[in-house]
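Presented below is the structure to which this report refers.
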Amino acid sequence: MSSLSTDGPRAVAAPALSDEVADALAARVPVVALESTIIAHGLPRPRNLQVARELEQIVRDAGAVPATVAVLDGVPRVGLDKDQVERVAQDPSLRKLGFRDLAPALAAGASGATTVSGTAFLAARAGIRVFGTGGLGGVHRGWTEVQDESADLSLLARTRITVVCAGVKSILDVPATLQRLETLGIGVLGYGTDRFPGFYLTDSGEPVDWTVRAPDEVAAVMAAQDALGGHESALIVANPVAAEHQLDPELHDRVLAQALAAADREGVTGQAITPFLLAYLTEHTGGASLEANLAAVRGNVALAGAIAASWAERSR
Ligand code: PSU
Ligand code: MN
């Protein structure tokens, strides 16, 4: 039985590492953490399983070991085997677990996919420094009424991990999210750009203060973070989707306005809002938003592999 008993305090529930990930970390082979919420709740079935496998392969092709993170039957796992990846993609009962959901899920023996906040926490606990994903969560539009800000931001303010993403999801209030990243002290680097990427779009319309152009430059910033010491904040590497793969900006703006109106009408809130909006866009752009999302994630995961390789090289 994997659920925690009530017979007093226990040792720390360290995440269970797959053999491959444990060996890689011990040998200082580069490792890249991957989240599972994008697989379980962010992409349509059955394409999501194919994507889960493809992302792991992209990490391997970049010379790193993939570590997909999830909680299965109350066990936090870093590195999944073939059957476990299938379960994440196919089991409709999997919950969506942010950082704060991890403890209740462990205690209940529950299973769930981890968001950026859940994944970043578990990956950092396992000793993994680089994480590749699609777009971060952030401040939702209409914040003044509902105060919906993703737990991704506050968790990244206190977790030493480098997250490669295509900015924050464009369904959000992007300028407000950038303000929060500044307030929280989370570093943001534009990769090959001085514009903050817009997830489905190459450019969110907002600038970014720091630009890097190679994986080594990112690794140098990571080393400087550690040399400075202080509180353990993350580093965000904002990597734009290639212009030829972005969603047509006019289509994006039009369908997003409809999606936000539909969410409002149907009263969708809380954890359900992000999956609802992503699915609405996929459906009403005839799959074009999905392709842009996948192009962004592929690019991020490949770059995460290259950064993990530079980082491993540096720490040899
Ligand atoms: N990136 C994607 N698709 C996704 C997500 C990111 O391309 O589905 C997920 C991440 O797991 C992120 C979550 O942490 O959406 C944010 O959800 P919320 O807004 O409920 O915190
Ligand atoms: Mn939320």
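Among the residues of segment 265-294, those identified as in contact (Cβ under 8 Å) with a residue 40 or more places away in the chain and either farther than 23 Å from Ala243 by Cα or in contact with a strand residue (DSSP E or B) (Cβ under 6 Å, 6 or more places away or on another chain) (or both) are Thr269, Gly270, Gln271, Ile273, Thr274, Pro275. Test of understanding: among Leu80, Leu43, which residue is away from ligand 1 (no atom under 15 Å from the Cβ), part of a loop (DSSP other than H, G, I, E, B) and buried (at least 23 other Cβ atoms within 10 Å of the Cβ)? Matching residue, one of Leu80, Leu43: Leu80.
When Asp216 is tested against (1) over 30 Å from Glu145 (Cβ atoms); (2) acidic (Asp, Glu); (3) within 16 Å of ligand 1 (Cβ to nearest atom), only condition (3) is not met. Determine, yes or no, whether Gly299 is modelled with pLDDT of 95 or more and at positive phi. In short, no. Being hydroxyl-bearing (Ser, Thr, Tyr) and over 20 Å from the mean Cα position of the chain (by Cα) is the filter; apply it to segment 174-224 and report the residue that is nearest to Glu250 (Cα to Cα). Filtering first and then ranking leaves Thr193. Looking at segment 53-71, which of its residues are assigned to a strand (DSSP E or B) and open to solvent by less than 10 Å² (accessible area, probe 1.4 Å)? The answer is Pro66, Ala67, Val69, Ala70, Val71. Residue pairs whose Cβ atoms lie under 6 Å apart, sitting 6 or more positions apart in sequence or on different chains, and linking a residue in segment 142-163 that is closer than 16 Å to Ile273 by Cα to a partner that is more than 12 Å from ligand 2 (Cβ to nearest atom) and open to solvent by 40 Å² or more (accessible area, probe 1.4 Å), are Ala151/Phe99.
Candidates in segment 130-146 are the residues that are more than 10 Å from ligand 1 (Cβ to nearest atom) and surrounded by fewer than 24 Cβ atoms within 10 Å (Cβ to Cβ); of these, the one that is nearest to Leu256 (Cα to Cα) is Arg141.
When we screen Leu277, Leu251 for residues that are open to solvent by less than 60 Å² (accessible area, probe 1.4 Å), within 16 Å of ligand 1 (Cβ to nearest atom) and in a helix (DSSP H, G or I), the only hit is Leu277. In the set Val241, Val237, only one residue is out of contact with any Leu (no Cβ under 6 Å at 6 or more places or on another chain) and not in a helix (DSSP H, G or I); that residue is Val241.
The values are calculated or read from the model by the stated rules, or taken from the named source; none is laboratory data. Model, not experiment: these values are computed from the prediction. Positions of Cβ are backbone-derived with ideal geometry, glycine not excepted, and every protein chain shown enters the neighbour counts. Heads up: the accessible areas ignore ligands, DNA and RNA and are worked out on the full protein's heavy atoms, side chains in. Shrake-Rupley method; radii C 1.70, N 1.55, O 1.52, S 1.80 Å.
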